[in-house]
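Have a look at the structure below, then the notes.
Values quoted throughout were computed directly from the atomic coordinates according to the rules given, and no laboratory measurement underlies them. Because the structure is a prediction, the values reported are computed rather than measured. Cβ coordinates were reconstructed from backbone atoms using ideal geometry, including for glycine residues, and neighbour counts include every protein chain displayed.
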Amino acid sequence: MRKFFRGTFLLISFGCHAQTSYLLKPDRVFDGQSMHENWAVWTQGNKIMAAGKAEDFPAESHQAQVIDLQGTTLLPGLIEGHSHLFLHPYNETSWNDQVLKEPRAYRTARAVKSAEQTLLAGFTTVRDLGTEGAEYDDVGLKKAIDEGIIPGPRMIVATRALIASGSYGPSGFSPDFVVPQGAEEADGHDDLIKAVRRQIGKGADVIKIYADYRWGPNGEARPTFSEDEIRLIVETARSSGRPVVAHASTAEGMRRAIMGGVETIEHGDGGTPEVWKLMKDKKVALCPTLAAGDAISQYRGWRKGQDPEPERLAEKRRNFKQALDAGVTMVMGGDVGVYSHGTNAREMVLMVDYGMKPLDVLKAATSGNARIFHQENRIGSIQKGLLADLVAVTGDPATAITDIEKVQLVMKDGKIYKKPE
Ligand SMILES: [Zn+2]
């Protein structure tokens, strides 16, 4: 048996040398940490072989196919921190109707298209945080992408996500009906352990919980799981090597999630100075999803650029700045699906608009997200040995963040999906 494996390995490594090799020549390279003028990047097969001055590269790189990227900045493939490939914009179809009325095959057909749009926008990885009623279909979508059947980003999937019974939606129906929910209900010791393990067994890379939701007496957000329940979920997931992340927008929901051991807080609208300090101390990152709020306000009639900013957004702006000033680590993730897939960069533009430095936003969307998602040894930086996930954009997004939307080239796993004419 041993001999057989060795033989196979040799064959594979021989095959690698015959693989496509590229020498990419942009104006500058953002390697995940800082900007470098006049750098080039050499790839072979699915790996980055070298980054730096082209004249310092080994002679072998001279055989590579040269791609002239004059006028562009080359960056690591961007990482979306909070997507829902199985949702589409709420101004097209409400969330309730997507969950209750859209057939699963229809949702998958849309997800296939959305995955391609995401990749072509330069997002070579997504952390997809829940199918919202489409069961474990993210596992199948991921498999089809990984096998090269359809183009799409690498996926870190959450499958169904966990909710406390009675707390989520769709809601508002006669109590006589059992209404399908957008995530899996589970409570208490045995039930929660089983649900976490089941989701992991079916393919979840990460467990997502809703630590609070709009189920208060007046429809306001209130905590759901107890702190003990969250700790149990985290313990169960962690023993399999998987992290837990929490949707939370109340201070108490955030506090319970942080104390329970989650790694990231999604949304975090109700964060207070005490909560930010706790997040910093416990090294819990915030995924602010600014673009979701921005989109929903526009769906409700706000004419961006003409009307004054709605109070909800002004508050989010203050809240984001407060977290930033408190030293909380930011995930770049917008809750895309609420708005169109392929416009993921809206979150990056808003992060700058709300007070973050462009270079810090570029870091968050590449090396930062890679580290927070435990992927730093594979992706998120332009560095010898890492996977060849690269994106080139016109201009320099470190000085004008909107340049990140001007995508010229997309490479994932050493394969080019989009390139300049
Ligand atoms: Zn979400």
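How much of the DSSP beta bridge set in the chain is antiparallel, as a percent to the nearest 5? Please list the in-between numbers first.
On the way: 28 of 59 bridges.
The antiparallel fraction comes to roughly 45 percent.
With K and R counted +1 and D and E -1, the other residues having a Cβ less than 14 Å from that of K101 yield a net charge of -1. Mean sequence separation of contacting Cα pairs (under 8 Å, at least six apart), scaled by the length of the range 334-421, corresponds to a relative contact order of 20 percent.
Rounded to the nearest 10 degrees, the angle from helix 189-202 to the longest Cα principal axis of the chain is 30 degrees.
I79 sits among other residues whose Cβ lies under 13 Å from its own Cβ, and their net charge, with Lys and Arg +1 and Asp and Glu -1, is +1. For the range 275-421, what D do you get in µm² per second when you plug the Kirkwood radius from alpha-carbon pairs into Stokes-Einstein at 37 °C and 0.692 mPa s? Translational D for this selection: 198 µm²/s.
Using a simple charge model, +1 on the beta-carbon of Lys and Arg, -1 on the beta-carbon of Asp and Glu, nothing else, what dipole does the range 303-383 show about its Cα centre, in debye to the nearest 20? Don't skip to the end; give the middle numbers.
Details: 12 positive and 10 negative charges, 19 e Å.
Rounded to the nearest 20 debye, it is 100 debye.
Please compute the contact order of the chain in relative form: average sequence separation of alpha-carbon pairs under 8 Å and at least six residues apart, divided by the residue count, as a percent. Mind dumping the intermediate values first?
Values: 924 pairs, mean separation 82.4, N = 421.
Here the relative contact order equals 20 percent.
Remark: spin-label model distance E92-E147 equals 2.6 nm, labels positioned 7 Å along the Cα→Cβ axis.
Highest-first packing order for the peptide set 33-44, 191-202, 126-137 is 126-137, 33-44, 191-202, based on the mean count of other beta carbon atoms within 10 Å.
Highest-first packing order for the peptide set 228-237, 254-263, 313-322 is 254-263, 228-237, 313-322, based on the mean count of other beta carbon atoms within 10 Å. Comparing Cα centroids, the range 345-421 and the range 95-135 end up 22 angstrom apart. Each of I149, P175, H267 was scored by the projection of its Cα onto the charge dipole of the range 135-270, and the greatest displacement toward the positive side belongs to I149; charges sit on the C-beta of Lys, Arg, Asp and Glu. Using every pair of distinct Cα positions in the chain, the Kirkwood expression returns a hydrodynamic radius of 22.2 angstrom. Seen from R214, the other residues with C-beta closer than 9 Å to its C-beta sum to a net charge of -1, counting Lys and Arg as +1 and Asp and Glu as -1. Dipole orientation for the chain: of the candidates Y136, P217, I404, Y136 has the Cα lying most toward the positive pole (charges on Cβ; Lys, Arg +1; Asp, Glu -1).
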